[in-house]
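Q: Got a structure here, written out as structure tokens. Questions coming.
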Amino acid sequence: MSDIDGIRERRSTALFNDKVPEKEVIEKILYDSVKYSPNRCSIPYHHVKVFGPEFKEDKKKIVIQTNCDPKFTKTPDSQEKITQVKNLYETWIRMYKDNDYTKQDIKDECGVYDYNPQILAPYVLIYCDNEQSQADFDQTHINLNTSKTRERACQSSAIHAILTACIAAEHGVSSCFLSNISLETQFNKNAISDNVNLDKIVLILCLGYPDEQNKYNPKFRYPFDVNDVIEWQNV
Ligand SMILES: Cc1cc2nc3c(=O)[nH]c(=O)nc-3n(C[C@H](O)[C@H](O)[C@H](O)COP(=O)(O)O)c2cc1C
């Protein structure tokens, strides 16, 4: 273990470079993340599907589905629409990688909805709701037959993912969260959507090394006022 402080050093990376972290390092991060994550009632409410560097081509395909523009997500699926989303992505990523363009230039050309190129990272961890209904781990009295499996999976995934990101930072590995894959389609076949039910995704964490040249790295961190978040209660 290095002496990097994972909580304070972790920053989200918008764009990763092609350098692949060693698999043993990722395995160690994942091992510790499971070992040290707290768990409600000692029951697992999510599982994590890991897509390593061997899925590079599949990630290049699914990146177009990370755009959440309702013009794409809320309209009928078709080959024409997917071709349009793909062409728009080619323009968007070219401008995004070119530091001469401003965010406004990109919006003027491509619209206000961004793609999420962090999905191109060498390691992509997909946290899914496992629809846990089995309460026979330690606490058999717990009733899991409710409509709240996604809520429980979101809680456990969020806690597990932030811990994973902090442990990764301690190993010098950068990360970025991604909320979900917004656009579902039958016209963009790839191994990720073949193996993951996109409706069951609660969070994605991408791991790799940052493209140091790109001006969007690290991502913008809003300087919250602590008093906007923390509300001390007085008697
Ligand atoms: C639950 C969660 C979901 C996020 N989803 C996305 C996302 O969909 N796309 C994205 O680019 N960044 C996403 N982020 C990353 C935030 O943009 C990033 O955490 C923020 O800019 C602060 O930067 P920092 O992580 O370096 O503190 C998400 C972060 C969290 C915690």
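Q: Give me a count of the residues in the range 108-119 that are within 15 Å of the ligand (Cβ to nearest atom) and surrounded by 13 or more Cβ atoms within 10 Å (Cβ to Cβ).
A: Qualifying residue count for the region: 7.
Q: Hey, residue 141 hits all of (1) over 12 Å from the mean Cα position of the chain (by Cα); (2) closer than 22 Å to residue 31 by Cβ but one; which does it fall short on?
A: (2)
Q: Looking at (1) within 23 Å of residue 148 (Cβ to Cβ); (2) surrounded by fewer than 17 Cβ atoms within 10 Å (Cβ to Cβ), can you tell me which one residue 202 breaks?
A: Result: residue 202 passes all but (2).
Q: Where in the range 56-133 are the helices (runs of 4 or more DSSP H), entirely inside, with at least 3 residues that are over 18 Å from the mean Cα position of the chain (by Cα)?
A: Of the helices (runs of 4 or more DSSP H) lying wholly inside the range 56-133, those with at least 3 residues that are over 18 Å from the mean Cα position of the chain (by Cα) span 70-73, 79-97, 103-110.
Q: Please work out if residue 147 is free of Cβ contacts under 8 Å to residues at least 60 places away in the same chain, loosely packed, with under 15 Cβ neighbours inside 10 Å, farther than 28 Å from residue 96 by Cα and among the hydroxyl-bearing types (Ser, Thr, Tyr).
A: Judged against the criteria, residue 147 is a match.
Q: Of these, 222, 216, which one is aromatic (Phe, Trp, Tyr) and within 25 Å of residue 17 (Cβ to Cβ)?
A: Step by step, each of 222, 216 is checked, and only 216 is aromatic (Phe, Trp, Tyr) and within 25 Å of residue 17 (Cβ to Cβ).
Q: Additional query: Filter the range 193-219 down to the residues that are in contact (Cβ under 8 Å) with a residue 12 or more places away in the chain, farther than 20 Å from residue 153 by Cβ and not in a loop (DSSP other than H, G, I, E, B) and list them by number.
A: Within the range 193-219, 207, 208, 210 qualify.
Q: Going residue by residue through the range 25-33, is there one that turns out to be farther than 26 Å from residue 194 by Cα, of a type in the set (D, E, K, R) and touching a helix residue (DSSP H, G or I) at 6+ places or on another chain (Cβ under 9 Å)?
A: yes
Q: Something else about it: I need the full set of residues from the range 22-32 which are out of contact with any His (no Cβ under 7 Å at 6 or more places or on another chain) and either crowded, with 19+ Cβ neighbours inside 10 Å or of a type in the set (A, V, I, L, M) (or both), in order please.
A: Listed by number, the residues that qualify are 26, 30.
Q: Does residue 222 qualify as being within 26 Å of residue 62 (Cα to Cα), part of a loop (DSSP other than H, G, I, E, B) and within 12 Å of the ligand (Cβ to nearest atom)?
A: No.
Q: What's the number of the condition residue 183 fails, among (1) assigned to a loop (DSSP other than H, G, I, E, B); (2) surrounded by fewer than 18 Cβ atoms within 10 Å (Cβ to Cβ); (3) within 15 Å of the ligand (Cβ to nearest atom)?
A: (2)
Q: Keeping to the range 1-55, report how many residues are assigned to a strand (DSSP E or B), more than 16 Å from the ligand (Cβ to nearest atom) and of a type outside the set (Phe, Trp, Tyr).
A: 3
Q: Being among the basic types (Lys, Arg) and surrounded by 12 or more Cβ atoms within 10 Å (Cβ to Cβ) is true for just one of 74, 35, 19, 56. Which residue is that?
A: Of the residues listed, the single one that is among the basic types (Lys, Arg) and surrounded by 12 or more Cβ atoms within 10 Å (Cβ to Cβ) is 56.
Each value in this text was obtained by applying a stated rule to the coordinates, not by laboratory testing. Everything quoted here is computed from the prediction, not taken from an experiment. Note that we place each Cβ from the backbone using ideal geometry, even for glycine, and neighbour counts take in every protein chain shown.
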